[in-house]
Structure formats: structure tokens, C-alpha cells
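Written below as C-alpha cells is the structure these notes are about.
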Amino acid sequence: MTTTEGARRRPWARRAAAKAGPLPWLEAGSGLTDRERALLTAVHGLVGDDGLRAGELGRATYRRDASFLNADPLGVALPWTVEQTAAVVRACRDHGVPFTPRAAGTGLAGGATPTGEGGVRPLVVSVARMDRLRELDVTNRRAWVEPGLVNARLGRAAAVHGLRFAPDPASQIAATLGGNVSTNAGGIHVLTYGVMSQHVLAVELMDADGVVHLLDGTAPELAGIDLRGVSVGGEGTLGIVTGACLRLLPAPPSVGTMLAGFPSLRQAAAMVGDLVTSDRLPDAVELMDARAVGLVEGYANAGYPIDAAAVLLIEFEGLPHAVAAGIDTAEALAQANGATSVTRAQDAAERARIWKGRKAVAGAIAKRAPDFFLQDVVVPRSRLGEMLDAVVAIGERERLEILNVVHAGDGNLHPFVLFDRREQGVLDRVFAAGHDIVTTALDLDGTVTGEHGVGIEKRDFLSQVFSEDDLAVQRAVREAIEPSGLANPDKVLPSTVGCLEARMVPEGAWV
Amino acid sequence: MTATTGELTTAEQVREAIMDARRDVTPVEIRSGGSVLDRLPTGDHPVLSVAGMTGVVAHAAEDLTVTVRAGTPLTELSQVLADAGQECPIEPTGGAGSTVGGRIATALAGPRQLGAGRVRDWLLRIRFVTGAGQIATAGGVTVKDVTGYDLCRLMTGSWGTLGVITEVTLKLRPLARHRAWYATDRPRHDLDALLYRPSASITTRERTHVLLEGHPDDAAEQAALAALVPADPPTLPVTARASVDPARLVGLVEECETLGLVWAAQDGVGVCHLDGDGDRLDAARTAAEKRGGALLVLDPHLQRPAFGSRGSSPIDERVRRTLDPDAVLAPWRWTR
Ligand SMILES: Cc1cc2nc3c(=O)[nH]c(=O)nc-3n(C[C@H](O)[C@H](O)[C@H](O)COP(=O)(O)OP(=O)(O)OC[C@H]3O[C@@H](n4cnc5c(N)ncnc54)[C@H](O)[C@@H]3O)c2cc1C
């Protein structure tokens with residue numbers, strides 16, 4: 001590992017020119033403590049008008065991520081460079097104010113929600129403006145990126161050279177690579193390609209003193225412990241990811257995609273089990289239940305069988321014979337499991353149409369209900385059928401419409417709970433359903449989050465997953481990596497002090 | 001190697017052994033039975049061995065996972081998995097007798113790392129006892145899990161310094177239908193554009209060796225395309241291994257060739273296996289470190305430190321001190 005103090009600068013970055021204009025949010029009567037005012041003044045001096053949002057309106061859009069959890073930040077710093085970021089972080093340290101790293105804010109667990117312990121409002125530090133693709137090394141199939149670079153942009157840049165970046169979260173057109181590293185994001189092709197962590201070769205992590213640590217270089221074996229892996233999925237609590245080296249793969253020469261409809265959830269789940277234990281693992285296996293299919297068909301017209309209780313999207317990638325054999329096996333297994341329809345994509349257009357349905361879920365939901373609560377749980381694949389039945393039962397009990405969209409090959413469920421926040425009392429039922437989904441997964445030897453992270457939303461469940469000793473070890477490692485306690489406090493591990501400052505209630509909700 | 005701490009079979013016994021070591025202020029060397037760890041110089045320290053902790057705890061074939069105790073020989077595990085048509089592609093890096101725990105603790109690149117990914121990518125859950133004597137579990141038995149910090153990855157490659165691994169859950173995959181080694185005289189960079197994700201590519205002085213796994217017809221077509229001929233697997237030197245950024249491997253290899261070392265390079269991975277005398281390996285170590293890499297000596301007779309000098313970073317130090325506060329777990333690891 002090597003250590004450098006905020007090494008790079010962006011030549012065209014707007015230098016922090018502290019303009020003399022009036023700063024209404026700094027004036028007396030704005031309710032700031034002396035310490036808060038001092039920090040904001042210092043940060044303003046570092047990043048200027050353009051790099052600091054501290055007025056009511058400027059703060060409002062940074063109250064939450066894509067979850068409901070929201071809290072009021074002290075302000076929002078938007079640095080252009082690593083040096084500026086380091087200076088802002090040092091200012092936080094000097095004034096003893098915590099900071100919440102943030103990228104695109106598409107997180108679903110409240111990780112970027114600016115909560116602090118004991119009523120202290122943190123400063124949000126956004127990495128969104130540091131969005132360059134620093135280096136695309138085609139020969140060695142890797143890329144050095146800044147944290148604010150959007151996932152899909154790396155994908156497009158790589159595609160030009162016949163390469164691809166495998167992690168493909170459904171949010172990839174908005175979510176950033178820094179966010180993906182920090183949440184250890186998943187996606188549709190995890191089954192064989194693995195989660196984000198498998199594609200991170202090195203991480204640049206800035207500590208609360210603004211010092212950037214290279215974890216741990218790109219050599220495969222080290223004479224020392226390997227901190228690369230543990231820094232992935234830190235959810236902003238271990239420091240700020242200011243850069244990463246990511247692995248690229250050659251684009252597959254051949255792709256085979258299949259859509260199969262089943263008369264019951266159980267049959268679809270049994271099919272998943274058969275596929276996973278067949279002699280060729282598919283690269284993606286996605287399941288959507290009848291509700292999800294019905295909604296998507298009305299919206300995207302992807303040609304899904306609307307009479308099926310569940311559909312599976314199955315994809316094989318790689319060399320042509322393996323792909324063809326995989327699809328043949330999948331078709332035979334589908335028939336054996338009672339499939340009512342099987343469609344094999346004959347060309348790229350048909351493949352795109354099949355995926356269009358899966359990708360239209362969020363859009364279709366937006367048309368249907370004003371609000372949704374998206375869960376994320378995992379069970380061993382052999383328990384998938386039981387878990388799907390349980391979700392249906394929970395929806396019936398709470399009188400809620402729940403759609404099942406599942407990374408089935410991984411046993412990773414994403415039930416979407418639809419509701420309208422203006423309906424009185426609905427939130428209690430939504431949260432009750434969410435809670436029951438999580439505890440059911442735990443009962444089935446599963447876990448509380450597969451890819452969205454712990455953030456605030458799931459952190460109190462950790463005591464049900466781990467023993468006191470397990471958590472003590474986790475806490476000790478966190479403190480060893482980030483001893484100041486200023487980086488995104490209050491997240492990931494169950495709180496030992498104080499109460500939660502975040503509101504679990506969407507703004508404008510009827511409570 | 002003097003006394004051993006006796007046959008340990010449970011995590012609780014490991015914990016007691018660690019607490020004894022703390023009380024007596026006597027650091028211990030960790031061994032698991034026959035892994036790479038056993039090829040490092042031990043000095044005169046008591047040995048804490050987990051070789052007695054053996055056996056497959058649960059093989060969930062339909063979930064593609066297996067839970068296994070740390071002292072289980074990899075060959076035994078492979079057999080159990082192969083009987084079900086499955087594998088975990090983290091075979092030993094050379095030499096028989098490797099154990100699962102030792103494999104995770106050392107995490108050296110295996111022959112198939114190019115295609116199968118790193119050792120740490122196959123680890124789902126780990127149970128270990130920290131140097132402070134806490135019995136801990138991290139990760140879970142599902143193939144996707146972001147619940148809490150990823151201590152699985154931290155313990156992988158910790159070389160017995162942060163904690164003693166007692167049990168792991170590994171991810172599995174189906175065994176490939178076809179698997180064969182090929183060779184060619186063409187340089188490896190010519191092959192990149194022709195071969196789609198080969199399982200291994202190992203260059204020796206004479207030629208490039210390629211491992212193809214998957215569908216037999218694909219392998220035949222790939223071999224024809226790149227003019228590969230069937231060949232025996234390459235024999236890898238075992239005295240030492242250098243590790244550098246894969247982009248700098250060619251330069252390192254050239255220097256090793258000039259030094260008169262016998263070498264075999266894992267293309268795309270960044271590891272170069274070496275045979276030669278101590279002085280030449282010293283020079284190779286300098287060559288690797290000059291390129292930001294490291295060299296590991298795996299022959300205790302050579303009278304050379306196993307690891308070279310890597311300046312330990314403040315984070316490394318803090319992590320080590322927090323998990324092993326009295327420095328009882330091989331505190332000498334990186335300096336001998
Ligand atoms: C419609 C939709 C679909 C989604 N689909 C998926 C999916 O398929 N798979 C999946 O895994 N996720 C999915 N997500 C969740 C989300 O997109 C991912 O968690 C993503 O990785 C977050 O990236 P971001 O840039 O938005 O990060 P943010 O939401 O801004 O931040 C996420 C967390 O990382 C921290 N953080 C961000 N940047 C940094 C940094 N540079 N340094 C340190 N900490 C940092 C934050 O503090 C926070 O804790 C989805 C979300 C939505 C809204």
C-alpha cells in the first residue's frame with residue numbers, strides 16, 4: 001500500500017473563488033451554532049459559491065437517497081477535485097463535524113441520508129463532480145475511474161473496444177462507480193460474474209485527515225494484509241472512495257436468451273434449482289411474478305405471457321457451443337417443470353425486447369402507484385419457492401400490492417411494495433410487510449440484504465444476523481480503518497448510543 | 001518448531017490456546033497441515049495447528065455452497081465436490097497437502113486465477129478466532145450478501161496474522177464438461193484477440209501454455225483458431241514467486257531471464273514462479289519491488305526471508321493491533 005496526500009488536480013477545475021456576495025444562510029437568525037457557522041465559512045472558502053449548498057432549498061434535495069429515510073444536512077459540498085475534497089474533509093475534522101459521502105443518491109438503504117448522532121447535522125460531501133474516466137487500459141483490460149463516473153458511461157466507453165464492465169445494477173444509468181464500490185453493488189449478471197467486489201482491483205480511500213490510501217495496488221499478491229476487499233461495501237463509513245481500478249472483460253462472442261412462462265411460482269422456483277445444478281450455469285436468471293408481468297406488459301409491450309404465474313428470463317453468454325447447449329438444457333428443463341411457454345430470442349432485437357420488460361419495472365411501477373418500497377433480501381436458492389409464497393401471504397395479510405422481481409439465480413428477492421402515501425395508515429402496513437419479509441428471509445437461513453446495503457434501514461437487523469462478538473469485531477475493524485468516527489457515523493452497525501435522527505417517513509406522507 | 005499446542009478440534013479450543021498465548025506473552029505460529037504456511041521458516045515458536053479440524057460440515061449441492069472445516073485437505077474437498085459434478089476452483093498453488101484454511105489464509109494465485117478469479121471471490125462465510133480471542137463469523141451462506149463489513153475479504157490472505165480461520169463456506173460451480181491443456185509457440189499477446197477467456201495462460205521460456213475449459217466443440221474451435229496443440233500442463237517452479245501488476249509482468253520476466261532464473265509466468269495475473277539460487281532470487285526480489293510488487297520465497301532452506309520488505313501502512317497496523325492486541329499471532333510474519 002502506498003500513501004499520497006490528495007495527489008491529483010483537475011486543470012480546468014473552477015478554483016474556489018470565495019465571492020463576496022451575501023450568504024443568507026450564514027447570517028444571524030439562521031439557527032446555526034457557532035461551530036456550524038465556522039465550518040460552513042471554511043468550506044465556502046475552499047469550494048466557493050458554486051461548490052456549497054447550505055440554503056434551505058439547496059439542502060432539500062440532499063435530504064435522502066432513493067429510500068424514504070431523510071434528514072436535514074448542515075450543507076452540501078460539491079468539490080471538483082480530490083484536493084478540494086481533502087480540504088473539505090480536513091475542515092470537517094478541524095471543526096469536529098461528521099460528513100456523509102454521497103454520489104448519485106440512488107442508494108436504497110439510507111446510506112447517503114445525512115444523519116448524525118445526538119442531533120449533530122453532518123456535511124454531505126458529494127463526489128458527483130469527480131466523474132472522469134482517468135484511464136482505459138485496453139491491453140490490460142482495466143479502467144481507473146473517479147468515483148462520480150456513472151456506471152453505464154464506463155460500459156459505453158469499454159464497449160468501443162470490445163470490452164464490458166460486468167456489474168450492471170438496474171440503476172446503472174444513474175448510479176456511479178464510487179457508489180457501486182461503496183455498496184458492493186450487484187446486478188443482473190452476478191450469477192457467474194459476481195458482485196462488484198470481484199471487479200475491483202484497487203481502491204483509493206481518503207481518510208478523515210484527507211490522506212488518500214491506495215488499497216492495495218494492482219499486484220495480485222502482497223507482502224502484507226489485503227485491504228482492497230474490506231474497503232468495498234464500506235457505505236461511506238470507512239472514508240471516501242476517491243478512485244478505483246476496475247476489471248474489464250471481453251464482450252461475449254455469443255449470447256442466448258430465453259423467456260419461459262410457468263403456471264405457478266413453485267414450478268418456476270423448481271426450474272431455477274434445476275438450472276443452477278445443471279452442468280452449465282446460466283449467466284442470468286431473473287424471475288418476475290404475474291403482477292410484475294401484467295404491469296410491465298401494459299407499459300412496455302415486451303411480449304411476456306400474461307397468463308403465466310411467473311416468468312423466467314434466462315441468459316447464457318460465452319462461446320457459441322456452450323451457449324447453445326445451455327439454452328437447449330434450459331428449454332428441456334423448462335418443459336420438465338411444466339412451462340406453458342418458451343421463447344428463444346432469435347436475434348439481438350428479440351433479446352432486447354425480452355430484456356425491455358425486465359428493465360421497465362421501475363417505470364411501469366411509477367405509472368401504477370405514486371410510491372413504492374423496495375425490499376432486498378436473499379435466501380439460499382433451495383428456499384426460493386418458500387420465500388416467494390411467504391411474500392404473497394404477507395401482501396395478502398397487509399392488504400398491499402407486492403410485485404416480485406427476483407435475481408432468482410442468486411436467491412435475491414426484490415419485492416416492490418406499492419402504495420400511496422396519502423392513504424391514511426398505509427405506511428404502518430408497508431413497514432410491517434417489509435419487516436416480515438426480512439424476518440422470513442432470516443428464518444429461511446437467508447440474510448437481510450443482498451446488494452442494496454445496510455445503511456440505516458437494515459442496521460438494527462444486524463443483531464439478528466450476528467452475535468455480539470461478531471459485531472464487536474466488525475466495529476473494531478471499522479474503527480481501525482476510520483478512527484475519527486466522522487465518516488458517515490450512525491450507519492451499517494447497530495447504534496450503541498443515541499437515537500436515530502432520520503425520519504422513516506416520506507415527506508408529504510399522511511401520518 | 002518446538003512444542004505444538006496439541007490437537008485442536010473446536011473453535012473454543014483455539015480460543016483457549018490464543019488466550020494462553022496472550023497470558024504467557026508467547027506468540028504462536030499458525031499451521032494447518034501442509035499448506036504454503038508450512039513452507040515458511042518457523043523459528044523457535046510454539047505452533048498452533050488446526051490440522052485436526054477436518055471434515056465437510058455441509059455440502060448444499062442445490063445451493064452451490066459447501067461448508068468445510070479449516071484443516072480439511074483440499075484434495076478431500078475436491079473429491080466430495082467432484083462426486084456431485086461440482087468444484088471450487090481454488091486448487092493448491094503447487095504441492096499436495098494444502099488445506100482449505102491454509103489456502104484462504106495465504107490466498108496465492110492458483111493456476112486458474114485468470115479465468116476463475118481470486119481465492120477471495122469464492123469465500124462466502126468465514127468463522128475465525130481473533131488474536132484477542134473473540135470467536136467471530138462474517139458473511140453468510142447465500143451467494144450474495146452485503147450484511148456488515150466484508151471481513152471474509154479481510155481474512156483472505158491474512159497469513160495467520162489477524163485470526164485463526166476455523167471454518168469457511170465456499171461458493172461452487174459445475175465442473176466443466178471438457179478441460180485440456182494446449183501449447184503454442186506464439187507469444188501470449190497474440191492470443192488475447194483470439195481466445196475468449198481461457199482458464200489459464202502460462203508462459204515459459206519455450207512456449208505459451210493455455211488451459212481451455214467448457215464445451216469440447218468450443219475448445220476445439222478455439223484451439224484451431226489460435227493454432228494450439230494439445231500438451232501436458234506446464235511444470236511450475238516452486239522455490240519462489242514474484243507478484244507484480246500484470247502490465248509489468250513482461251518486464252519482470254525479461255529481467256528474470258537475464259538473471260538466469262527458471263521461470264513460468266501467469267499471464268494476465270501478474271505472478272511469476274521462479275527456481276534459482278538465493279543470490280539470483282535476491283535480484284529478482286529487487287526487480288519485483290522496483291515494479292511495485294513483491295517476491296515470496298517458499299523454500300525455507302534458502303536462508304532468505306520469505307517476504308520482502310513492504311512498508312507497513314498505518315491502516316494495516318491499526319487493523320492488526322485491533323484484532324491481535326498482544327501480537328500473539330505470528331507477529332513476525334512479514335519480516336522473516
Ligand atoms: C430503480 C433502482 C434500481 C436499483 N437496482 C439495483 C441493482 O440492481 N443492484 C444494486 O446493487 N443496487 C441497485 N440499486 C441501488 C443503488 O443504485 C446502488 O446501491 C448504487 O450502488 C448506489 O450508487 P450511488 O452512486 O447512487 O450511491 P449513493 O446512493 O450516493 O451512495 C450509496 C452509499 O455509498 C456511500 N458512498 C457513495 N459514494 C461514495 C464514495 N465515493 N466514497 C465513500 N462512500 C460513498 C454513501 O454514503 C452511501 O452510503 C437500485 C436503485 C434504484 C433506485
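The values are calculated or read from the model by the stated rules, or taken from the named source; none is laboratory data. What you see is a predicted model; the values in this text were computed from it and never measured. Cβ: placed from backbone, ideal geometry, glycine included. Neighbour counts: every protein chain shown. Each accessible area value is taken on the protein alone, full model and side chains, heavy atoms only, with ligands, DNA and RNA left out. Shrake-Rupley method; radii C 1.70, N 1.55, O 1.52, S 1.80 Å.
Within the listed set B:Ala193, B:Ala180, B:Ala265, the Gaussian network model of chain B (springs between alpha-carbon atoms below 10 Å) gives the highest mean-square fluctuation for B:Ala193. Which of rounded, prolate or oblate describes region A:254-363 when judged by the alpha-carbon gyration tensor and an a/c cut-off of 1.5? Oblate, since a/c reaches 1.5 and b/c is not below a/b.
Checking the a/c ratio against 1.5 first, then a/b against b/c, what shape does the Cα gyration tensor give for chain B? Taking the square roots of the gyration eigenvalues as a ≥ b ≥ c, chain B is oblate.
Every helix of 4 or more DSSP H residues in chain B counts as -39500 (n - 2.57), and over all residues that averages to -7000 deg cm²/dmol at 222 nm.
Going by alpha carbons, how many degrees (0 to 90, nearest 10) lie between the helix axis of A:320-336 and the longest principal axis of chain A? Between the helix axis and the principal axis of chain A, the angle is about 60 degrees.
Considering Cα pairs under 8 angstrom that are at least six residues apart, work out the relative contact order of region B:178-230 and quote it in whole percent.
Values: 80 pairs, mean separation 25.7, N = 53.
Reported as a whole number, the value is 48 percent.
Helix A:348-359 and the long axis of chain A differ in direction by around 60°, with both axes built from C-alpha atoms. Each of B:Ala284, A:Thr85, A:Ala223 was scored by the projection of its Cα onto the charge dipole of the protein assembly as shown, and the greatest displacement toward the positive side belongs to A:Thr85; charges sit on the C-beta of Lys, Arg, Asp and Glu. Per residue of peptide B:152-164, the mean number of Cβ atoms on other chains within 10 Å of the residue Cβ is 4. A 1.4 Å probe over all protein chains sorts B:Arg179, A:Arg381, B:Arg205 by accessible area into B:Arg205, B:Arg179, A:Arg381, starting with the largest.
Summed over the residues of region A:133-250 and divided among them, the accessible surface reaches 24 Å² per residue at a probe radius of 1.4 Å. Relative to the longest principal axis of the Cα atoms of chain A, the long axis of helix A:384-397 makes an angle of roughly 70 degrees.
Using alpha-carbon pairs under 8 Å, 6+ residues apart, how would you state the relative contact order of chain B in percent? Walk me through the numbers before you get to the answer.
On the way: 736 pairs, mean separation 56.3, N = 336.
Averaging sequence separation for qualifying contacts and normalising by length gives 17 percent for chain B.
The relative contact order of region A:254-363 comes to 43 percent, based on Cα pairs under 8 Å that sit 6 or more residues apart. Computed from the C-beta positions of A:Ser30 and A:Ser495, the FRET efficiency with R₀ = 35 Å rounds to 0.75.
On average over all directions, what projected area in square nanometres does region B:180-307 have, based on the convex hull of its Cα atoms? Walk me through the numbers before you get to the answer.
Numbers: hull surface 30.5 nm².
Convex hull of Cα atoms, orientation-averaged projection: 7.6 nm².
Of the accessible area of region B:178-230, with the probe set at 1.4 angstrom, what percent is carbon plus sulfur?
Details: 1300 of 2500 Å².
Carbon with sulfur: 52 percent of the solvent-accessible area.
With a 10 Å cut-off around each Cβ of A:271-280, the average count of Cβ atoms from other chains is 4. Dipole magnitude for chain B: computed about the Cα centre from +1 point charges on Lys and Arg Cβ and -1 point charges on Asp and Glu Cβ, it is near 680 debye. Farthest toward the positive end of the dipole of the protein assembly as shown, out of B:Leu108, B:Pro314, A:Thr440, is the Cα of B:Pro314, where the dipole comes from beta carbon charges about the Cα centre. A loss of 20 Å² or more of accessible area (1.4 Å probe, protein heavy atoms, ligands and nucleic acids excluded) relative to the isolated chain is seen in these residues of region A:188-211: A:Tyr193, A:Ser197, A:Gln198.
A simple charge model with +1 on the Cβ of Lys and Arg, -1 on the Cβ of Asp and Glu and nothing else charged puts the dipole of region A:178-238 at about 240 debye relative to its Cα centre.
In terms of packing, defined here as the mean over residues of other Cβ atoms within 10 angstrom, the peptides B:273-284, B:63-74 line up highest first as B:63-74, B:273-284. When chain B is treated as a Gaussian network with alpha carbon springs shorter than 10 Å, the biggest mean-square fluctuation among B:Thr169, B:Thr142, B:Thr161 belongs to B:Thr142.
Could you please state, rounded to a whole Å, how far the C-alpha centre of region A:39-64 is from the C-alpha centre of region B:139-208? Computed from Cα coordinates, the inter-centre distance equals 45 Å. Charge dipole of region B:115-155 (Cα centre as origin; +1 on each Lys and Arg Cβ, -1 on each Asp and Glu Cβ, all else neutral): 60 debye, rounded to the nearest 20.
A dipole drawn for region B:124-274 from +1 and -1 charges on Cβ atoms has a positive end, and of B:Cys152, B:Val269, B:Thr137 the residue lying farthest that way is B:Thr137.
Per the helix-only calculation at 222 nm, which mean residue ellipticity applies to chain A, given -39500 (n - 2.57) for every DSSP H run of n ≥ 4 and division by its residues, nearest 500 deg cm²/dmol?
Values: 16 runs with 167 residues, N = 511.
Dividing the helical sum by the residues of chain A leaves -9500 deg cm²/dmol.
Peptide A:134-144 has a mean shielding of 2, counted as Cβ atoms of other protein chains within 10 Å of each residue's Cβ. Were the residues from A:Ser341 through A:Val160 laid out at 0.36 nm apart, the gain over their Cα-Cα distance would be 61.5 nm.
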